[in-house]
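Participant: If you scroll down you'll find the structure; I have some questions about it.
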Amino acid sequence: MDLQNIVDSSGDTNNNTSVQNSTKSSYEGNYQVNISSTNFELDTITSTYTGLIRIYRLLYVADHCLSLRNEALLASLKYIQETHFISLYKQIVDELKKQNVPLSNDFDPSWLEKTQRNYTHKLEKLDNDLRHFRTNSIKDSIRRGHDDLGDHYLDAGDFFNAVRCYVRSRDYCVTPRHIITMCMNVIKASFYMQNWPNVLSYVTKAEQAVESLESTTKSTTTPAATTSSTRNPMDVATVNSLMASDAILISRLKVYAGIAELATKRYKLAARHFLGVTFDHCSNHFQDLISPQTLVQYICLCSLAAFERPELHRLIITSPNVKQYLELEPSIRDILHKFYETSYSSCLALMSQLEPTFALDQYLAPHVCTLYYEIRHRIIITYFLPYKNACMTTMANQLNTTIDILEDELVHLIRSGKIKARIDSKNKILYVADTDQRWYAYQHALTITKQSEKITRALLLRSAIIKTNLSVRDDSIPPSNRPSNNNNNMNISRRQFSTNMIGNMIMDEGDLSDDAAMN
Amino acid sequence: MALLDQFVGNIRQLSIEGKYCDLAQTLTNPNLDHLNKNIQHIDSIIATFTLPEYSMCMLAALHAIVKAPSIPDIDLYLTQFDTFIQTCSTEQVHYIPQYLCEICHVITERLRKDNRARVGVPILYRAIELLRREPGQLLSIHSDLYQLCLLCQWFEPALTYLDIDIIDIHRENGRFDVKYLLLAYYYGGMIYACVKQFDRATNFFENVITVPATATSAIVIEAYKKYVLVKLISGSIGNIQLPTFTSRNVQQAIKSLCNAQYTELFNIFNNGTLTQFDEFVNHHREQYARDRNLGLIKQTRNAFICNSIQQLTKTFLTVSLKDLANRVQLQSHNEAERYLIDMIENGQIFASINKKDGMVIFHGSPEKFDANNMLSKLQDETEKRMQAEKQLRELEKQISLSKAYIQRTQQSSPYHDRPKILN
């Protein structure tokens, strides 16, 4: 089956870039994960998520884990009946039939027909409404009409049309709050489409709108509060709740931006976005987007791969916000702490234990290998930092690998310039490379002179060419139509003269040299 | 017949009186084309022109022969032409250089077809000597000479001219076609590639590519293909960025015509393995064969292996031969050893092989830049570079003093009384 096609309905192309990784299989395309060594359960998905994202996550598991496949398919079928996503529904039912899985008792065979009818009916109604609003040209109603229609498309999994409707509502936005709603809608639909550039651009738009909103509310509320202390407490309450919802909104935007950056392989930015998400918001409001457990997994991998040690300490180990996340996922906490305590052996062991779980995460899986690789590199680099030479056997033990794999990795690192060292393959010792600065300076001087001479010579030739007014051109075009280079205008006309009029011919040579030097 | 006699008499008269300007006009006037019309009598006419007094008339007569549909006796003609070049008056020939060049083109074409390139080389060599005004001047005959030299694999004559950098181009009375410039540098690049001076070959091909262009020439495209290969062989694998002054449409044409088969090689050189390289080459073998680049491709493969080994010297102090063969993806450690020995002998790497335990030990470069000869080499290089710079300054001075330049810059500036240049 190929649910993958729908799940990754767009933007699967950037996964093709080759990861220079020969030691591990990469989690891209069609792979299967064996989860027997982990305590991964479908319940974690069904209980912490809602909405479309839950269905997608279940399907991803179904695609990539054979042992949970049927269970996941059945569960997703159940949830899909709450939506109008007919095409996906059909596919799942087909798939279940192919696998000869008995459908559960509460399976409603008439659902498809009913939903189909419902869907077209509602679509017509919304369409009509919108037309009606348009004729009356009430701005706000038109906006709402577009939004409703978009919501309906989104519910049916027609993300393309959903985005279109949401974007159209933009012309009818009056207040910043409308703009924010529009942006959030577009982001949501683009997110499902995995159209990451779109997500990112609308996130920035939304953030700007929130900012302008904040500045306006501040300017209106603060003078009011100072002038009349006897303000209606109800007002204050609504303002407060508004502020809170704005904060949630910002957190939500950060999650979207983070996932989009992760998908485009900018791990450092992704980590920074994720770190900006407040724990309370995440654990209470984001069931339709991300669970705190998943978020902390993302944070852990991205920051380990991208942050320097001081950053790691400042932003993660000592951050009270991240602490709350880490309490939910002790294994992740252990990884982070072991990494920071430089007990790399146990850190890597823990990481490889969790690898299957990560591989079943829709957004993380394509990057698990790269991230792991990055983290390993970081470990090797920091490990080697204090030494002048290091025994590779000990190093391999510390890093849970064999000496051959380590050597390969070291070669790769040296080649990409991440560590300056050279390998003594005979004695299995890694030496810090001593660079002879003087030698390099001289070598550099030699190459530079050679290059510069070459460029000057080319320049001389080029000026000779231009002086003679030569260029490759299409002679089928009549000379009058030629876009003549203004530098050579005069020479061109002169040359044509000289070929046509014999009298001028002998003049040509002297004439041109006269043109070049006035003497 | 009477007309012809009158014409011959006329040009003889002009020659004697030394009115070379008028003579050149008469000879090149298409309305007075009596020599061509009476080609059957040309031999008797030639007999009346003694050298060097009637050099220009003789040249016109010789030109009339090659303009005829066919040359009756090519060997006789070549001797005639050769004697002419050796005995004629240089001054007179300079009035109608285009005739001499055209004759050379025809001869070259003929000899190429007859597969007798070697015969023409000395003649053309002398023709260039005769016509050019200074060593750094390019003639259209250069391209002919290079072509013949390539055909007969006799490079010394061409190299004496190739080694001088061109700073001027002979206009040949407006007959110098850009084709000859492209060809001269294209063939020049090929000759340098043949004698394994790949750096210089790269420069030559680059010169072809950067000639100003508003249309795409097939020569430029072929030059680019060779440029890529030669550049890779020369070991500069860093970037494939063409100079910034390359014409836009050349860049586009290259992108659409050569990216898949040639430019892609740079990526493979930088990130690929030998197997990937072989696969890639095999996949495009037909194209390479069509472009007649298989020989260069073979050398590119060699360069790829050398490059991979060189990379290893940066990462290893010692490595076993077997491991080295594995990393470079060679067949056996014997093959690896062969490459290593070659490279050590050529001074590309500094290493020693320990046969006892099959280890290769890489050393740093023995050149410490503390000996006099190295410093003097550096000095020489710098001086050469300064020399070029001086020429450039000279040129700039000429331009900034030229009438046209001053006029134009003044026109464009709104303040006529304040010339901006003239500093």
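Readers should treat all values here as calculations from the given coordinates under stated rules, not as data from a laboratory. Model, not experiment: these values are computed from the prediction. All Cβ positions, glycine included, derive from the backbone under ideal geometry; neighbour counts span all protein chains shown.
Participant: Given a Förster distance of 51 Å, report the FRET efficiency between residue B:37 and residue B:407 from their Cβ-Cβ distance, rounded to the nearest 0.05.
Facilitator: 0.65
Participant: Of A:321, A:264, A:289, which is farthest towards the positive pole of the range A:238-363's charge dipole, taken about the Cα centre with +1 and -1 on the beta-carbons of Lys, Arg and Asp, Glu respectively?
Facilitator: A:264
Participant: Now a separate question. Could you run the Karplus curve 6.51 cos²θ - 1.76 cosθ + 1.60 with θ = phi - 60° over the range A:457-469 and give me ³J(HN,Hα) per residue in whole Hz, x for Gly and Pro?
Facilitator: 4, 4, 5, 4, 4, 5, 5, 5, 4, 5, 4, 7, 6
Participant: Here is a further query. Given the Cα-Cα distance of residue A:353 and residue A:94 and 0.36 nm per residue of separation, how much length would full extension add, in nm? Working shown, then result.
Facilitator: Working: separation 259, 0.36 × 259 = 93.24 nm, distance 3.46 nm.
In short, 89.8 nm is gained.
Participant: On a full-extension model of 0.36 nm per residue, what is the gain between residue B:248 and residue B:334, subtracting their alpha-carbon distance, rounded to one decimal in nm? Walk me through the numbers before you get to the answer.
Facilitator: Details: separation 86, 0.36 × 86 = 30.96 nm, distance 4.81 nm.
Result: 26.2 nm gained on full extension.
Participant: If you don't mind, another one. When N is the residue count of the protein assembly as shown, what does its C-alpha Rg come to as a fraction of 2.2 N^0.38 Å?
Facilitator: Rounded to two decimals, the normalised Rg is 1.32.
Participant: Please compute the modelled spin-label separation between residue A:37 and residue A:438, points set 7 Å along Cα→Cβ, answer in nm with one decimal.
Facilitator: Inter-label distance under the simple model: 5.4 nm.
Participant: Specify the inter-centroid distance of the range A:370-410 and the range A:251-301, based on alpha-carbon positions, in whole Å.
Facilitator: Cα centroid of the range A:370-410 versus Cα centroid of the range A:251-301: 30 Å apart.
Participant: So who's got an amide H within less than 5 Å of the one on residue B:317, skipping anything under 5 residues away but keeping other chains? H placed 1.01 Å off N, in plane.
Facilitator: A:423, A:424, A:425
Participant: Calculate, in nm to one decimal, what residue A:427 and residue A:243 gain on full extension: separation in residues at 0.36 nm each, minus their alpha carbon distance.
Facilitator: 59.8 nm
Participant: Next up: Between residue A:121 and residue A:171, what FRET efficiency comes out of the Förster formula 1/(1 + (r/R0)^6) with R0 = 30 Å and r the beta carbon distance, rounded to 0.05?
Facilitator: 0.60
Participant: I've got another one for you. Enter the mean number of other protein chain beta carbons within 10 Å of the beta carbon of each residue in B:34-43, as an integer.
Facilitator: Counting other chains' Cβ atoms within 10 Å and averaging over B:34-43 gives 0.
Participant: Filter the cross-link list B:226/B:384; A:420/B:226; A:454/B:298 down to pairs whose alpha-carbon distance in this structure exceeds 30 Å.
Facilitator: A:420/B:226
Participant: What residues have an amide H closer than 5 Å to that of residue B:216, excluding those fewer than 5 places away on the same chain, when H is modeled at 1.01 Å from N in the peptide plane?
Facilitator: none
Participant: What nm distance separates the two modelled labels at residue A:418 and residue A:128, each placed 7 Å from Cα along Cα→Cβ?
Facilitator: Computed distance between label sites residue A:418 and residue A:128 equals 6.3 nm.
Participant: I've got another one for you. For a quick check of your reading of the filter: which chymotrypsin sites (Phe, Trp or Tyr not before Pro) in the range B:297-401 sit in a DSSP loop and have no more than 14 other Cβ atoms within 10 Å?
Facilitator: When the chymotrypsin sites (Phe, Trp or Tyr not before Pro) of the range B:297-401 are filtered for loop state and at most 14 Cβ neighbours within 10 Å, nothing remains.
Participant: Based on alpha-carbon centroids, what's the gap between the range B:275-311 and the range A:136-150 in Å, whole number please?
Facilitator: Comparing the Cα centres of the range B:275-311 and the range A:136-150, I get a distance of 63 Å.
Participant: Where does the protein assembly as shown land at 222 nm, in deg cm²/dmol rounded to the nearest 500, when only DSSP H runs of n ≥ 4 count, each adding -39500 (n - 2.57), divided by all residues?
Facilitator: Rounded to the nearest 500, the figure is -21500 deg cm²/dmol.
Participant: In the range A:67-125, what chymotrypsin sites (Phe, Trp or Tyr not before Pro) fall in a loop by DSSP, with at most 14 other Cβ atoms inside 10 Å?
Facilitator: A:107
Participant: How far apart, in nanometres, would the label points at residue A:208 and residue B:19 be if each is projected 7 angstrom from Cα along the Cα-to-Cβ direction?
Facilitator: In this crude spin-label approximation the distance works out to 8.0 nm.
Participant: Another one. Taking the Cα centroid of the range A:175-189 and of the range B:192-249, what is the distance between the two, rounded to the nearest whole Å?
Facilitator: 53 Å
Participant: Within the range B:257-285, which residues have the backbone N less than 17 Å from the label spot 7 Å out from residue B:241 along Cα→beta-carbon, could you tell me?
Facilitator: Under 17 Å, as judged by backbone N against the label point of residue B:241, lie B:266-267 of the range B:257-285.
Participant: Sort A:142, A:466, B:141 by Cβ crowding within 10 Å, fewest neighbours at the top.
Facilitator: Working: A:142 21, A:466 16, B:141 30.
Sorted ascending by nearby Cβ count, the order is A:466, A:142, B:141.
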